[in-house]
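This report refers to the structure that appears directly beneath it.
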Amino acid sequence: MSQFTYRPVANGLRTDHPIPDLPFVDDSLLSLDDPAAIEAIGRGTGEDMWGREDACREGWFAFTTDPDRTDLSWAVRYHPEHGYSVVLYRDDDVSMVHQVHLYEAPRALLFRAGGYWWDGTAWFRPGQVYDFAEEKYYERPVPGAASVTAADLLQHGGDATRATILQIKDLAINDDGDAPPVRDWVDHLALWAQARDGQSLDAGVVSVMAPELSGDQLLAPAQVAELAGIAASTLRSYIARGEGDLPLPQVRVGGRNLWARVVAQEWVEQRNRSDDSVEAAVAGDHDGHTLAPGVAEVWTTFSRSFFSHLWDRQGFRKRWSLRWRTQESVREVAETLSWEVAASVPKLVGLHDLAITVRQAVLHEYASGKDNQNAIGADHAFYGITRPVARTLTWLIRHDPALAARTIDQITGEALRMEIPRQVSERSIATALSLDASFDAVTLNDFLARVFAPNTTA
């Protein structure tokens, strides 16, 4: 999972969707009608060179390292209706931009205003709140959003004679890896429009306009920190070090980063869904340690039990005397305490609950296997059981063989009601368990021979 936090450094001259405030660079080395040719410029052609092209949802995406500036790479996103976005990125970033376009936000045609994205019809907020169930960011539309086009910006002029198209070797990059903002950018936009030889400017999406991006909805770093309940210095540290999954700012004014309030709120929302935050919702203080309640209960239980063994039992208490502190007496104490732990496993783990869970998990594997079998019209000698499920069943056998045996019987019985033959069910379990090296084969086979149906063919 990765947010879109990759800052472009320049526009390609033939882009259909210019990015505001960035210079235009000659991109004539790119064959825009042939993604394979774009890949071929950089793929394996020299040290520090790379390229790749892939089909994506409605179109393709390709990138290549620039031969004259190996610190920079060209990225091209093509859509059959909306044309090309031709953008220069830092070479270190471009492969992740490629991943975002293919996997994280495959419907995104372009990104603006610190990660706001457009799918050709509507605008969406920067992806921050992650849906682990579907393995993607929640898509949140922007109310009242409107695209700002090149035609909109050029309604009131722009003097192409005051602008220039750069060669890539002349593109200046600052210490942060960014191109300095272009002054009087509308003049450069006019020169770009002139180079398009009369192509429509109405379809050239430049930026997004929305109520939530208005000036009164923008927050300075201190306000974002206050919203998150952290110190302003902590947020400044996040910014300086690129930490905290902080989204890109929506606007940069006079060197000052500003975030849309809703973007900051969604950042806080995601922080509250992080592993640390989820643990904090359940965990509490236990003798100066922050622990989940189950861990704290185990600690408390064994602390009391061990103290009782070591102090309340006169036979053990005398071992504190030096003359009783022999190797054999210490071993006896250790064995007694470790037995206390081993005997507590059924209660700590909840073996009967675990057995039911394992049974349901194996039956789910059978159901999936049967569905796949029906889909391809083939018969299977056994169904695959995933390793985590098989390892958990092995653990149950090792800790409570009788309960594990009854669990396997129940699995086999339920499988019969699913019209899965006993032989298939037993072979599936035997195959899965045989792959776990923690159980020696002789012991496992002996156990299964006592659990599986007896051979009645003799």
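The values are calculated or read from the model by the stated rules, or taken from the named source; none is laboratory data. Given the structure is predicted, the values throughout are model-derived calculations rather than measurements. Cβ placement follows ideal geometry from the backbone for every residue including glycine, while neighbour counts extend to all protein chains displayed.
Of the residues making up the range 163-178, one or more are part of a helix (DSSP H, G or I), in contact with a strand residue (DSSP E or B) (Cβ under 7 Å, 6 or more places away or on another chain) and either in contact (Cβ under 8 Å) with a residue 40 or more places away in the chain or over 22 Å from S28 (Cα atoms) (or both).
Using the structure shown, decide if A145 is under 30 Å from the mean Cα position of the chain (by Cα), at pLDDT below 95, of a type outside the set (K, R) and surrounded by 16 or more Cβ atoms within 10 Å (Cβ to Cβ). No. A search for C-beta distances below 9 Å between a residue of the range 224-236 that is more than 14 Å from L258 (Cα to Cα) and assigned by TED's automatic domain parsing to the domain that holds N272 and any residue that is among the aromatic types (F, W, Y) and not in a loop (DSSP other than H, G, I, E, B), counting only pairs 6+ apart in sequence or on different chains, returns A228/W267; I230/Y238.
Any residue that is crowded, with 23+ Cβ neighbours inside 10 Å and of a type in the set (D, E, K, R) - is there at least one of those in the range 47-63? The answer is no; no qualifying residue exists. Considering the range 247-284, and only residues there that are in contact (Cβ under 8 Å) with a residue 24 or more places away in the chain and in a loop (DSSP other than H, G, I, E, B), the residue that is surrounded by the most Cβ atoms within 10 Å (Cβ to Cβ) turns out to be Q250. Among the criteria (1) in contact with a Gly (Cβ under 6 Å, 6 or more places away or on another chain); (2) surrounded by fewer than 13 Cβ atoms within 10 Å (Cβ to Cβ), the one D187 does not fulfil is (2). Just one of the numbered conditions (1) closer than 23 Å to Q194 by Cα; (2) surrounded by fewer than 16 Cβ atoms within 10 Å (Cβ to Cβ); (3) within 25 Å of the chain's Cα centre (by Cα) is not true of D33: (3). Taking the range 413-458 as the range and being in contact (Cβ under 8 Å) with a residue 40 or more places away in the chain, part of a helix (DSSP H, G or I) and not hydrophobic (A, V, I, L, M, F, W, C) as the test, the residues that pass are E414, S425, R427, S428, T431, R450. Please go through (1) touching a helix residue (DSSP H, G or I) at 6+ places or on another chain (Cβ under 6 Å); (2) over 28 Å from G144 (Cβ atoms) for L219 and return the number of the only condition it doesn't satisfy. The failed condition is (2).
Screening the range 1-104 for strands (runs of 3 or more DSSP E) wholly inside it with 1 or more residues that are under 20 Å from I173 (Cα atoms) and basic (K, R) returns the ranges 83-90.
With respect to V129, determine if the residue is in contact (Cβ under 8 Å) with a residue 12 or more places away in the chain, under 26 Å from D178 (Cα atoms) and touching a Phe, Trp or Tyr at 6+ places or on another chain (Cβ under 9 Å). Taking the combined requirement at face value, the residue does not satisfy it.
Taking Q128 and the conditions (1) in contact with a helix residue (DSSP H, G or I) (Cβ under 7 Å, 6 or more places away or on another chain); (2) closer than 26 Å to A62 by Cβ; (3) assigned to a loop (DSSP other than H, G, I, E, B), which numbered condition does it fall short on, given that it satisfies the others? Of the numbered conditions (1) in contact with a helix residue (DSSP H, G or I) (Cβ under 7 Å, 6 or more places away or on another chain); (2) closer than 26 Å to A62 by Cβ; (3) assigned to a loop (DSSP other than H, G, I, E, B), the odd one out for Q128 is (2). Among all residue pairs at least 6 apart or on different chains, which show Cβ distances below 9 Å where the first residue, located in the range 55-66, is at negative phi and the second is among the basic types (K, R) and crowded, with 19+ Cβ neighbours inside 10 Å? Within 9 Å, the pairs are C56/R77; W60/R77; F61/R77; A62/R77.
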